[in-house]
Amino acid sequence: MQLPWRLSPCLYIELAELVGKRLGTPVEYVWWLSFNQRRALRTTMEGCDAYFALPADAQYRVKGLVKSNAFLSVSYAIVAPHDVKVGALSDLKGKKIGVLHGSPPQILLATKEGYTASTFRSQEEVFDALNKKEIDAALLWGPSAGFDNKTLYSNRWQVISITGESLGGQVAVAVSKEKPQLKDQINQALEELKPEIQQLSEKYGFPMQAPLQVNSKNAEARYARLDTLQAKTAAYRSSGFIKVADRPSRREWLVAESGDTIAEAKSNFNNKCSHCHGTNGASPVSERDLRKLSMRYKDDWKNVAYSTITKGRPDLGMPTWGGILPDEEIKAIVEFLVTVQKN
Ligand code: HEC
């Protein structure tokens, strides 16, 4: 079996192979490079029997799919030199901490006092900065940081899982709703494969010890409640499909994509902005009512909205979102706001 080198090796592929063996079926793969797992699933699962792997939690639902039992816990992790004592997140106070741009840990640190975050574009850059001692520790996705730590850096760092809102969870296999039997078979295979799953976790350097609980339940944690989908999409990007038919055409894909953008921006807005601006921007407080933007700023309103969201008005209580949310997400939110203007 030939795999794109960047995606190989992968725990989920090996597991899919093991499950396939138990079920007596050969495994074929469909790959999809996606930054939105749910969207990829909607357009691709039609041709597939199963998807390895996606969040097991009940709120993460994809139409037409049912999920197997959870088989593995995955989460963000603290990466630090072995001589740094890490018993709690607070042990990182006063240290320079590397995070990926737009990741849940970046938002987590931004909402807590006493932490200094440096943002990076890739995990590789974070490890590079750790090596050069430009940062003291990092918060990275546990499975991928653990894997690189083991395979590229001879376990030079300790990698300790953290749990808390938006920081991780369990994963499961998704199966088409129309194939309940397959779900049962996969559940049984996963149950029987428990020792192998444990071995694979060790082989791939996944953090194994009990995770540290990170308390994000203060009032400010509302900011940290990043759309869990977004957080998890980043996490599960490299997963395999077991395939029986062809994937949809590029055209169908694009149609699905543009139709989704506004709906997604609306849900992002309602996750991140509505506690100050009301559901869909309909705040009873006039200066926060985002349905009045076009009345207030006339033709220029989209520019005003974009720059206000990006730069914030910190003195007036509007946070700065540039550097926290990806630029395309901000632009999509502005497009969503178009749909709620009063005139
Ligand atoms: C902590 C509360 C808070 C959050 C969260 C928040 N805002 Fe605001 N926002 C405000 C306040 C307060 C103002 C009004 C500032 C003023 O009086 O000029 C404002 C103003 C704005 C304005 C300009 C309104 C105008 O008419 O001038 C826009 C656009 C906006 N916010 C968009 C957003 C978006 C999009 C999000 C989410 C990504 C968001 N805000 C999240 C508090 C918040």
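The values are calculated or read from the model by the stated rules, or taken from the named source; none is laboratory data. Just so you know, these numbers come straight off a predicted model, no measurement behind them. As a convention, Cβ positions derive from the backbone with ideal geometry for all residues, glycine included, and neighbour counts pool all protein chains shown.
When the range 313-333 is examined, which residues are found to be surrounded by 14 or more Cβ atoms within 10 Å (Cβ to Cβ) and either within 8 Å of the ligand (Cβ to nearest atom) or charged (D, E, K, R) (or both)?
Across the range 313-333, the qualifying residues are 318, 319, 321, 325, 329, 330, 331, 333.
Rundown of residues vs (1) touching a residue at least 24 places away in the same chain (Cβ under 8 Å); (2) among the hydrophobic types (A, V, I, L, M, F, W, C), yes/no style:
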{"residue": "57", "(1), (2)": "yes, no"}
{"residue": "72", "(1), (2)": "yes, yes"}
{"residue": "85", "(1), (2)": "no, no"}
{"residue": "94", "(1), (2)": "no, no"}
{"residue": "111", "(1), (2)": "yes, no"}
{"residue": "149", "(1), (2)": "yes, no"}
{"residue": "160", "(1), (2)": "yes, yes"}
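Picking from 271, 280, which residue would you name as being under 28 Å from residue 111 (Cβ atoms), within 11 Å of the ligand (Cβ to nearest atom) and either in a helix (DSSP H, G or I) or modelled with pLDDT of 85 or more (or both)?
Sole residue among the options that is under 28 Å from residue 111 (Cβ atoms), within 11 Å of the ligand (Cβ to nearest atom) and either in a helix (DSSP H, G or I) or modelled with pLDDT of 85 or more (or both): 271.
Go through (1) crowded, with 17+ Cβ neighbours inside 10 Å; (2) at pLDDT 85 or above and name the single condition residue 286 misses.
(1)
If you take the residues in the range 87-110 that are in a loop (DSSP other than H, G, I, E, B) and surrounded by fewer than 18 Cβ atoms within 10 Å (Cβ to Cβ), which one is modelled with the lowest pLDDT?
This residue is 101.
So, residue 262, is that one under 17 Å from the mean Cα position of the chain (by Cα), over 30 Å from residue 28 (Cα atoms) and at pLDDT 50 or above or not?
No, not satisfied.
Regarding the range 32-46, can at least one residue be identified that is in contact with a Gly (Cβ under 9 Å, 6 or more places away or on another chain), at pLDDT 75 or above, surrounded by 14 or more Cβ atoms within 10 Å (Cβ to Cβ) and not charged (D, E, K, R)?
Within the range 32-46 (the criterion being in contact with a Gly (Cβ under 9 Å, 6 or more places away or on another chain), at pLDDT 75 or above, surrounded by 14 or more Cβ atoms within 10 Å (Cβ to Cβ) and not charged (D, E, K, R)), the answer is no, since none of the residues qualifies.
Say we look at the range 289-312 and pick out the residues that are of a type in the set (D, E, K, R) and either surrounded by fewer than 17 Cβ atoms within 10 Å (Cβ to Cβ) or in a helix (DSSP H, G or I) (or both); which of these is farthest from the ligand (Cβ to nearest atom)?
Only one residue tops the list, namely 299.
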